[in-house]
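The values are calculated or read from the model by the stated rules, or taken from the named source; none is laboratory data. Fair warning: this is a prediction, and the values are worked out from it, not measured in the lab. So basically every Cβ, Gly included, is an ideal-geometry build from the backbone, and we count neighbours across all protein chains shown. Just the protein is used for accessible areas: all its heavy atoms, side chains included, with ligands, DNA and RNA removed. Shrake-Rupley method; radii C 1.70, N 1.55, O 1.52, S 1.80 Å.
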Amino acid sequence: MNIVIVGAQWGDEGKGKVVDLYSAKADYIVRYQGGNNAGHTLVVNGKKTVLHLIPSGILHAGKTCLIANGVVFDPDVFFQEITSLENAGALNGAAGHERVRVSERAHVILPYHRTLDRLREEHASKDGGKKIGTTVRGIGPAYEDKVARRGAQVVDLIRPELLREKIKRAIEEKNVLLEHHFKTSERINFDEVYSAALKIGERLKPYIADVRGILTGALQQKRPILFEGAQGTLLDVDHGTYPFVTSSNTVAGGAITGSGVGLNTPTRVIGITKAYTTRVGTGPFPTEIETTEKETAEKIRKIGAEFGATTGRPRRVGWLDLVALKYAVEVNGVSGLALMKADVLQDFDHIKICTAYRLGTQTLYDLPSSGHDLDRVEPAYEVLPGWPSYDTKGITSVGQLPEELQGFIKFIEDFLKVPVILLSTGPGREETLLLGDPFGK
Ligand code: IMP
């Protein structure tokens, strides 16, 4: 059995912890979309590791971590992560390329992608405040180049002549944009970008591989694979709250196109959700309580340490939204849920859960496709009793769970018709209640 881990909300659900846990049972851990806009936090034996690009299975010795074709790959960030993992002894003496391989077909984030991301955001704010609130890591511009068929792929980094042509053409175009559209004096220097890219190519050589081929071999041998999604369903470029989304397919289907495996692969999809909701960046967020229940929002943010792992930005906070979650279950084909950070809610007398939206006189049970409508909906809540007199942090058995928390879980399962197979009660690997085995029959 293979599994796909997807964010069922707007990202930051705690996928890193779940991937780290489940990696114990997988042979291959694969990132298939996004790039270093992700921030996956792992806490093992009290030690925190934050990964942006390298799959979160890296802390398990002997597992192969793959960066597949659907990822946009920033080589500078990649080598920073390899070096810091090596320095921390996390690779157990193995050479980086023995543990991590990068697809020849992944597209490369070059310095001008970051420049364009920043200028677009600055420009958009001047233009009436419609900025996306990106991570400014160059993700969108790199995917733009890929889709426009002018991107450089990882394999080009070791083909100097091809690379020269590709980068030259791209830079000429970017400089026109810089001068005439963004009206800035900044320019991209071809020689600098090209010579740095060649050096990177040399260093990257041992890591470059036919990742699709490796995965096909693994499937033939029935070796378990874990596909690690980044960001979340509602940030998907096709199915999310467009245009306030990232530029890739964050849904489970992205694992297929983003890694080149076939549809006949037996796979289970595990959706990761927090017991409440957060969002970074702009865009609709129906259950947001930043202004309506300011103190509660601040309390959740503080207890839950809701600050971006990539940018440090405070995350917007709201109650759990089952309308959005039901949508995520459908779009991804989720068969089991991991419920994260339930311990963060333990100090509250009452917990709210959104079960429908109101739009004018209408009641909606499904997520509206139009961002304009989603911006205007009001959440309809069920109020459940909290469990303020219990300390649920670190609980690892069902018998220890307060009745109210069990009721909260049952409410979610009954509404979504999907079992909660993992309950996280703290950031540590061991602070987890395993209620089902996603790799099992
Ligand atoms: P980009 O992916 O940097 O282009 O950002 C687009 C949107 O996705 C912004 O709202 C970001 O805040 C959001 N985003 C990107 N990566 C993550 C993530 O890993 N967690 C949460 N939000 C993210």
For the stretch 225-231, 3J(HN,Hα) per residue [Karplus equation, 6.51 cos²θ - 1.76 cosθ + 1.60, θ = phi - 60°, Hz, x = Gly/Pro]: 10, 10, 9, 9, x, 10, 6
What 222 nm value per residue comes from the helices of the chain, counting each DSSP H run with n ≥ 4 as -39,500 (n - 2.57) and dividing by all residues, nearest 500 deg cm²/dmol? -9500 deg cm²/dmol
Collect residues whose amide H, placed 1.01 Å from N in the peptide plane, falls under 5 Å from the amide H of residue 272; neighbours closer than 5 in sequence don't count. 6, 7, 8, 338
Distance from the Cα centre of the stretch 69-130 to that of the stretch 158-179, in angstrom? 19
Leaving out ligands, DNA and RNA, what percent of the accessible area of the stretch 272-434 is carbon and sulfur, probe 1.4 Å? 50
Loop-located GluC sites (Glu not before Pro) in the stretch 169-256 whose Cβ has at most 16 other Cβ within 10 Å (DSSP): 186
Starting at the first residue of the stretch 251-265, write each ³J(HN,Hα) from the Karplus equation 6.51 cos²θ - 1.76 cosθ + 1.60 with θ = phi - 60°, in whole Hz, x for Gly and Pro. 6, 4, x, x, 5, 6, 5, x, 9, x, 8, x, 6, 8, 7
Take each of the peptides 384-394, 355-365, average the number of other beta-carbon atoms within 10 Å over its residues, and list them starting from the highest. 384-394, 355-365
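Give me Rg/Rg_expected for the chain, where Rg uses Cα atoms only and Rg_expected = 2.2 N^0.38 Å with N residues. Mind dumping the intermediate values first?
On the way: Rg = 21.8 Å, N = 441, 2.2 N^0.38 = 22.2 Å.
So the Cα radius of gyration is 0.98 times the expected 2.2 N^0.38 Å.
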Heavy-atom accessible area ranking, 1.4 Å probe, most first, across 417, 63: 417, 63
For residue 227, enumerate residues with amide H under 5 Å from its amide H, sequence gap 5+ or separate chain, H modeled in the peptide plane. 3, 4, 5, 30
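Leaving out ligands and nucleic acids, note down the accessible area per residue over the chain with a 1.4 angstrom probe, in whole Å².
Values: 18620 Å² over 441 residues.
Value for the chain: 42 Å² per residue.
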For the chain, modelled as a GNM with alpha-carbon contacts under 10 angstrom, which of 342, 95, 142 fluctuates the most? 95
Would you look at the GNM of the chain, springs on alpha carbons closer than 10 Å, and say which of 167, 272, 58 moves the most? 167
Using a 7 Å offset from the Cα along the Cα-to-Cβ direction at both residue 364 and residue 437, what is the distance between the two label points in nm, to one decimal? 4.2
Positive end of the dipole of the chain, charges at C-beta (+1 Lys, Arg; -1 Asp, Glu), about the Cα centre: which of 262, 21, 405 has its Cα farthest in that direction? 262
With the chain treated as a Gaussian network of Cα nodes joined by springs under 10 Å, which of 344, 176, 43 yields the largest mean-square fluctuation? 176
Report the charge-dipole magnitude of the chain in Debye, nearest 20, computed about the Cα centre from +1 at each Lys and Arg Cβ and -1 at each Asp and Glu Cβ. 1000
With θ set to phi - 60° and the Karplus curve 6.51 cos²θ - 1.76 cosθ + 1.60, what are the ³J(HN,Hα) couplings of the stretch 420-428 in order, to the nearest whole Hz, using x for Gly and Pro? 7, 9, 8, 10, 9, 10, x, x, x
Using only the Cα atoms, work out Rg/Rh for the stretch 108-203, with Rh taken as the Kirkwood radius, to two decimals. 0.99
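Among DSSP beta bridges whose residues both lie in the chain, state the antiparallel percentage, nearest 5. Please list the in-between numbers first.
Working: 25 of 61 bridges.
In the chain, approximately 40 percent of DSSP beta bridges are antiparallel ones.
What dipole magnitude, in Debye to the nearest 20, does the stretch 108-203 give about its Cα centre under +1 on Lys/Arg Cβ and -1 on Asp/Glu Cβ?
Numbers: 20 positive and 16 negative charges, 43 e Å.
Charge dipole, the stretch 108-203, about its Cα centre: 200 debye, nearest 20.
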What chymotrypsin sites (Phe, Trp or Tyr not before Pro) does the stretch 205-304 have in DSSP loop regions with at most 13 other beta carbons within 10 Å? none
Please list, in chain and number order, the residues 5+ apart from residue 73 or on another chain whose amide H is under 5 Å from its amide H, with Hs placed from the backbone. 107, 108, 109
Exposure of residue 439 as accessible area (Å², to 10), given a probe of 1.4 Å and all protein chains: 30
